[in-house]
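Structure first, then comments.
The values are calculated or read from the model by the stated rules, or taken from the named source; none is laboratory data. On a predicted model such as this, the values are computed, not experimentally measured, just so you know. Methodologically, a virtual Cβ is constructed for each residue, glycine included, from the backbone with ideal geometry; neighbour enumeration extends over all protein chains shown. Keep in mind that these areas ignore ligands, DNA and RNA; they rest on the heavy atoms of the full protein, side chains included. Shrake-Rupley method; radii C 1.70, N 1.55, O 1.52, S 1.80 Å.
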Amino acid sequence: MAPGREAVETGVRDLLAQVLGVSAERIGPGLSQESEPSWTSLNHLMLISQLESQFGVTFSNSEIRELTSYDRIVAKLAGD
């Protein structure tokens, strides 16, 4: 069974904060690779790896290229 939306949001927020080196309070709707300078291409790959491990999923190359915001990541993992 997939985790609930709240659990997904919390997990994504915590992982983004850890990988990007920012406080979890800064993570939320609207945050994207374009709006956050610390979201580099290397950090993006580390984030994807952590998301796959924590949520037990595997993303395709096209999905990896699209998962460039908090909102998109949460929507994908929550099954929206």
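Of the residues 75, 7, 17, only one is surrounded by 15 or more Cβ atoms within 10 Å (Cβ to Cβ), free of Cβ contacts under 8 Å to residues at least 12 places away in the same chain, in a helix (DSSP H, G or I) and under 13 Å from the mean Cα position of the chain (by Cα); which? Full working, then the answer.
Working: 75 fails: surrounded by 15 or more Cβ atoms within 10 Å (Cβ to Cβ); 7 fails: surrounded by 15 or more Cβ atoms within 10 Å (Cβ to Cβ).
Residue meeting the stated conditions: 17.
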Condition met for residue 51 (assigned to a helix (DSSP H, G or I), open to solvent by 70 Å² or more (accessible area, probe 1.4 Å) and modelled with pLDDT of 95 or more): no
Which of the residues that make up the stretch 58-72 are surrounded by 13 or more Cβ atoms within 10 Å (Cβ to Cβ) and outside any helix (DSSP H, G or I)? 59, 67, 68, 69
All positions within the stretch 21-69 that are more than 16 Å from residue 4 (Cα to Cα) and aromatic (Phe, Trp, Tyr): 39, 59
Being touching a strand residue (DSSP E or B) at 6+ places or on another chain (Cβ under 7 Å) and of a type outside the set (Gly, Ala, Ser) narrows it down to one of 68, 40, 58, so name that one. 68
